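A short worksheet on the structure shown next.
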Amino acid sequence: MSVSNARPIGIFDSGMGGLTVMRALLARLPKERFIYLGDTARLPYGTKSGDTVTRYALQATAALMRHDVKLMVVACNTATAAALPALEEALAPTPVVGVIDPGAEAAVAAAPQGPIAVIATEGTVKGGAYRAAIRARAPEAPIAQQACPLFVPMAEEGLVDGEIAEAIAHRYLDPLLATVPKPKCLVLGCTHFPALKDVIARVAGNEVVLVDSAATTADAVAMLLAERNLASRSASGPHQFLVTDAPDRFARVGEIFLGQPIDPGNVELVDLQS
């Protein structure tokens, strides 16, 4: 196995939501080693300006690059929308994969003629990145968007089901689902939102297809590794986790997103501004 192939894949998110993408990557690429960074001290990103998100994203990915990653996954819709071009320039020649284009691909595959609804953070909705990515693939498809700012802190707190979660989901989704014609698919346009997938599905109803970009992002990463001859040939080493605040809490609550226990001994506290 070459040195290049043995290097880890970096994954970056504002908090724990990107662990849903890591979960899909682990299933799709079991021989790869991953190093994940969650900027837990500064989340949520969705309420911050594009310039601030770009600055945070550059700091976070620079920290991951110090671990000699071979490919960078921006597992945050807000950071992808605000910072992807800046990250591609700063990290070149290291490949960078965001989650919005794969999410748009999955949405159009689910509802080629629409209507398509997108729920995301305020920053992602205002930036219009999902609308543009879907329009590029399905120019005539009707698109509706809704910011759901409370979903991120709810997911980070593990408040993913029950009466409170369902009431807030109704508050955000009922107006969106009442549009005419009714959306055929609903894009979970934030990597935190799959943690709330069960309650979102109940509120949306069986006739609305939920689209999560995690699986299509994993497919895009697998394709890029093959194209660049970077795929690992055999399993190597434990996965690592870097956080900017509360490592013990990350290990405990992160299991909800990753779908498997996280060893607290593999979670390291880092300072991105030092």
Taking His170 and the conditions (1) more than 22 Å from the chain's Cα centre (by Cα); (2) at pLDDT below 95; (3) assigned to a helix (DSSP H, G or I), which numbered condition does it fall short on, given that it satisfies the others? (2)
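Which of the helices (runs of 4 or more DSSP H) contained wholly in the range 1-88 include at least 1 residues that are of a type outside the set (Asp, Glu), modelled with pLDDT of 95 or more and in contact with a strand residue (DSSP E or B) (Cβ under 7 Å, 6 or more places away or on another chain)?
19-28, 50-65
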Filtering the range 261-274 down to residues that are in contact (Cβ under 8 Å) with a residue 40 or more places away in the chain and out of contact with any strand residue (DSSP E or B) (no Cβ under 8 Å at 6 or more places or on another chain), which residue is farthest from Val160 (Cα to Cα)? Gln273
With the condition kept exactly as written, say whether any residue in the range 99-106 is over 16 Å from the mean Cα position of the chain (by Cα) and surrounded by fewer than 23 Cβ atoms within 10 Å (Cβ to Cβ). no
Could you say whether any residue in the range 174-185 is closer than 22 Å to Leu43 by Cβ and either at pLDDT 95 or above or loosely packed, with under 14 Cβ neighbours inside 10 Å (or both)? no
Identify all residues within the range 126-141 that are surrounded by fewer than 17 Cβ atoms within 10 Å (Cβ to Cβ) and either part of a loop (DSSP other than H, G, I, E, B) or not assigned by TED's automatic domain parsing to the domain that holds Leu186 (or both); write none if there are none. Gly128, Pro139, Glu140
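The values are calculated or read from the model by the stated rules, or taken from the named source; none is laboratory data. Predicted, not measured: the structure shown is a model, and the values here were computed from it. Counting neighbours? That spans all protein chains shown, and the Cβs are built from the backbone with ideal geometry, glycine included.
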